[in-house]
Amino acid sequence: MFDVGFWEFSLIGIITLIIVGPKRMPEIAKEVGTYIGKVKRFIINIQDDISDELEIEKLKKHLDSMDKKSNILEVLDDTKNTLNDIKNNIDQK
């Protein structure tokens, strides 16, 4: 997304060092690291949620197709039973 390399980070570090001073630099670096970690965990959680939702959708589609197949099989079985009943009635007469 962002093409930030070594020199860009170095420039940001130098500017930050000039603005905040060497005493506060470790504190700020620690806070920035903490926030970067939180952002990474947030992004990972979002990716996991999205992949879970996609997996749920796949399962729903699979279950729907299985349900449709089972309905077709039930209809076929009912039809066979009805035809057998009709055949038996005809044979008895």
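The values are calculated or read from the model by the stated rules, or taken from the named source; none is laboratory data. None of these values were measured; they are calculated from a predicted model. Glycine gets a Cβ as well: all are built from the backbone with ideal geometry, and neighbour counts include every protein chain shown. Accessible surface areas use protein heavy atoms only, side chains included; no ligands, DNA or RNA. Shrake-Rupley method; radii C 1.70, N 1.55, O 1.52, S 1.80 Å.
For the range 1-73, applying the loop criterion from DSSP together with a ceiling of 10 other beta carbons within 10 Å to the trypsin sites (Lys or Arg not before Pro) yields Lys23. Overall, the anisotropy analysis places the range 1-84 in the prolate class: the square-rooted eigenvalues a ≥ b ≥ c of its C-alpha gyration tensor yield a/c not less than 1.5, with a/b exceeding b/c. The residues of the chain present an accessible area of 97 Å² per residue when probed at 1.4 Å with all protein chains retained. Over the chain, DSSP H runs of length four or greater, each weighted -39,500 (n - 2.57), average out per residue to a 222 nm ellipticity of -33000 deg cm²/dmol. Helix 6-20 and the long axis of the chain differ in direction by around 60°, with both axes built from C-alpha atoms. Couplings 3J(HN,Hα) of the range 49-55, computed from phi: 4, 5, 5, 5, 5, 5, 5 Hz, in residue order, whole Hz [Karplus 6.51 cos²θ - 1.76 cosθ + 1.60, θ = phi - 60°; x for Gly and Pro].
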